[in-house]
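J.: Pasting a structure here, questions to come.
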Amino acid sequence: MVTRLRQLKGSQLTLWITLSVLLLFITSPIVYAILASFKSNMEIFSSPFSLPKSWNFDNYIGAWNLGNFKTYFLNSAFITIGGMVLVALVAAPAGYAFAQLSFKGNNLIFYLVLLGMALPVQAIIIPIFFQLKAMGMVDTLSGVTLVSAGLALPFSIFLMRNTFRDVPKELRESAAMDGAGEWRTYWTIMLPLAKPGLVALLIFTFMNIWNDFLLPLVLLISQEKFTISLGLYSFQGEQTTNFGLIFGGTVISMIPSIIVYLIFQRSFVEGMASGANK
Amino acid sequence: MSHSPPVLEMDNKKNVIAVNSKARMKIKKAITIASFLLPGLLLYAVFMLYPMIDAIRYSFFDWDGASSTMNFVGLENYVQLTKDDIFLKSLGHNLLWVVLSLALMVVPTLVLAVLISRVKKGKTFFRAGFYLPSVLSLAVVGVLWSKIYDPMMGPINVFLKTVGLDSLAKNWLGEPLFVIPALVIASTWAFYGLYLILFLAGLQSVDYSVYEAADIDGAGPISKFWHITIPSLRNTLNVVISMVIIHALKGFALIWIMTQGGPFYMSEVVSTYVYKAAFSMNKVSYATAGSVVLGIIVIAFTIGFNYYRERTE
């Protein structure tokens, strides 16, 4: 029994060491970028793997000022927050209707929405550009916000429908008997019960819109409208050989998504697993 | 007699009121349902359904994106695509991308998931740590990895040169033989986290009492992996494999940031080629036809896969 326990401990230790080494290897590009962001170009070249000689923030300051990262930040925040609010406001009620209200064509309309989940953005990005152009909304932040929300809808409606399906229908019926209207029931009873799904939806939407590259690339033209992803891309194009500055900009771009991830780590991972398995 | 008509009238009135209120209830209910559904459906229709129809429409015309007239050309764009060497090459690169992604992504991630699931203390730490790369935007991943692969200053080549392996130091993104594998490695790094999470979730449903029985029978770890773990992960494996394939077909951002399809179309895929054709060569309708082909491949695959899964479950 004792030897068995010792064996178990021994194998746990080996497992820990193996996984730790693997984890170091996997995260080494991130560590490399962070270290390099404190170095001068010369230092990156001569000693790429060592700690920086001094922790100076010149590259961050340089990227922030030269690369307009402040503007990019605000633009990304506008599009992402706008998209999250829009998605939550329209996808949750639609998901609720599909899950809880009975009406003709429920399944048919839902399949039409599911079709959007299979459709790759690349297949419709060209018409989207020309449609937005006709609406006079190319190169506007609100245009990108609307399109981002629209493209996020199929999955969002799907997720909210699954969430609301787990809420017992009797709750809605008893509220209706008490004379509460459908919307009142939705806001006061049903939506609070769907909170975990809603939180997962908001985190997904944040990550997708904040990290998106294709839509801003196609729909935005002037530099002062760029999002952080597009800004970083154009910054590396301007500073091709200035590695220090580019890594400064890269690390600045990493920070928001890493912070959101660390805060919401649990619901993030669980939402991911349940969303894809259903 | 003189009293009866009013009575009849009253009856009628009652009926009319009843019918009216029933119809009114129905209308009210329809309006309520519409108020829940329509905002979402409208946004979906404007930015997905309508562009989908437009994409098909464009593909039958000859249009440069600027002129006010569109000439109907029928299937001509599609016929041209089959004769377009670069388009066919791009399609081939998509397939190569699929194969390499499957090889790099599925089994290594599964093994990693099994290792993490065996950890008793600190499982959450490893899960969170290994997921970290997936949190980064593709712009960050693309810029970071193009610096890692840099022939002069990139850490890979600097390392190879310091240990005296100068001959192995390549221009990773500049040589035809290496560019796609190099890109797929970066893409695997960016995406495996999702599949890791899916495998870990799947592994939770594995019945461990079977393992103990197998232990008693003296089964080794590899035999247990093949005969117990893999079969009980069938559904998860199905989902992961299909997602890897679909992601591989849709890849755009990393390629665009790291190589723009170069050198000499050596890493061109359908989505990058279509983007160039539409927005820098002004061949809008031709590019749309190419994107419709990509869309049909992805949708056909998704639907076919779901059908297969429903049948086998």
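J.: Exactly one of (1) more than 27 Å from residue B:269 (Cα to Cα); (2) at the interface with chain B (Cβ under 7 Å from one of its Cβ atoms) is unmet by residue A:76. Its number?
T.: (2)
J.: Output the qualifying pairs, or none if there are none: Cβ atoms under 7 angstrom, residues six or more apart or on different chains, first residue in the range A:8-31 and closer than 18 Å to residue B:104 by Cβ, second residue among the β-branched types (Val, Ile, Thr) and in a helix (DSSP H, G or I).
T.: A:29/B:148
J.: If you don't mind, there's one more thing I want to ask. Is it the case that some residue within the range B:70-82 is surrounded by 12 or more Cβ atoms within 10 Å (Cβ to Cβ), among the hydrophobic types (A, V, I, L, M, F, W, C) and in contact with a Leu (Cβ under 9 Å, 6 or more places away or on another chain)?
T.: yes
J.: On the basis of being of a type in the set (Val, Ile, Thr), surrounded by 22 or more Cβ atoms within 10 Å (Cβ to Cβ) and in contact (Cβ under 8 Å) with a residue 40 or more places away in the chain, does residue B:143 make the cut?
T.: Yes, satisfied.
J.: Looking at (1) more than 10 Å from chain B (Cβ to nearest Cβ); (2) under 17 Å from the mean Cα position of the chain (by Cα); (3) surrounded by fewer than 18 Cβ atoms within 10 Å (Cβ to Cβ), find the lone condition where residue A:265 falls short.
T.: (1)
J.: Got at least one residue in the range B:212-220 being of a type in the set (Gly, Ala, Ser), assigned to a helix (DSSP H, G or I), over 30 Å from residue B:262 (Cβ atoms) and out of contact with any strand residue (DSSP E or B) (no Cβ under 8 Å at 6 or more places or on another chain)?
T.: Among the residues of the range B:212-220, at least one is of a type in the set (Gly, Ala, Ser), assigned to a helix (DSSP H, G or I), over 30 Å from residue B:262 (Cβ atoms) and out of contact with any strand residue (DSSP E or B) (no Cβ under 8 Å at 6 or more places or on another chain), which makes the answer yes.
J.: I would also like to ask the following. Name the residue, out of B:180, B:197, B:156, that is at the interface with chain A (Cβ under 9 Å from one of its Cβ atoms) and among the β-branched types (Val, Ile, Thr).
T.: Residue meeting the stated conditions: B:197.
J.: From the list B:159, B:126, B:178, B:191, exactly one residue is among the aromatic types (Phe, Trp, Tyr) and in contact (Cβ under 8 Å) with a residue 60 or more places away in the chain. Which is it?
T.: B:191
J.: So, in the range B:246-270, of the ones that are away from every other protein chain (no Cβ under 12 Å) and of a type in the set (A, V, I, L, M, F, W, C), which residue ends up farthest from residue B:88 (Cα to Cα)?
T.: It comes out as B:264.
J.: Regarding residue B:90, is this residue within 14 Å of another protein chain (Cβ to nearest Cβ) and at pLDDT 95 or above?
T.: Yes.
J.: Between B:104, B:88, B:96, which is free of Cβ contacts under 8 Å to residues at least 60 places away in the same chain, over 24 Å from residue A:49 (Cα atoms) and surrounded by fewer than 22 Cβ atoms within 10 Å (Cβ to Cβ)?
T.: Matching residue, one of B:104, B:88, B:96: B:88.
J.: Also, quick follow-up: Would you confirm whether or not the range B:130-147 contains a residue that is among the basic types (Lys, Arg), more than 23 Å from residue A:254 (Cα to Cα) and within 12 Å of another protein chain (Cβ to nearest Cβ)?
T.: No: zero hits.
J.: Could you tell me how many of the residues in the range A:61-94 are at pLDDT below 95 and touching a Lys or Arg at 6+ places or on another chain (Cβ under 8 Å)?
T.: 1
J.: State yes or no: is residue A:93 within 18 Å of the chain's Cα centre (by Cα) and within 11 Å of another protein chain (Cβ to nearest Cβ)?
T.: So residue A:93 does not fit the description; no.
J.: May I pose another question? With respect to the numbered conditions (1) buried (at least 21 other Cβ atoms within 10 Å of the Cβ); (2) under 26 Å from residue B:290 (Cβ atoms), which one is the sole condition not fulfilled by residue B:242?
T.: (1)
J.: Output the residues belonging to the range B:286-295 that are more than 8 Å from chain A (Cβ to nearest Cβ) and surrounded by fewer than 24 Cβ atoms within 10 Å (Cβ to Cβ).
T.: Across the range B:286-295, the qualifying residue is only B:293.
J.: Further, regarding this structure: Against the condition surrounded by fewer than 18 Cβ atoms within 10 Å (Cβ to Cβ) and among the hydroxyl-bearing types (Ser, Thr, Tyr), how does residue B:50 come out, does it pass?
T.: Spelling it out, residue B:50 is indeed surrounded by fewer than 18 Cβ atoms within 10 Å (Cβ to Cβ) and among the hydroxyl-bearing types (Ser, Thr, Tyr).
J.: Among the residues of the range B:271-313, count how many are outside any helix (DSSP H, G or I) and farther than 16 Å from residue B:235 by Cα.
T.: 4
The values are calculated or read from the model by the stated rules, or taken from the named source; none is laboratory data. Small disclaimer: the values here were computed from a predicted structure and weren't measured. As a convention, Cβ positions derive from the backbone with ideal geometry for all residues, glycine included, and neighbour counts pool all protein chains shown.
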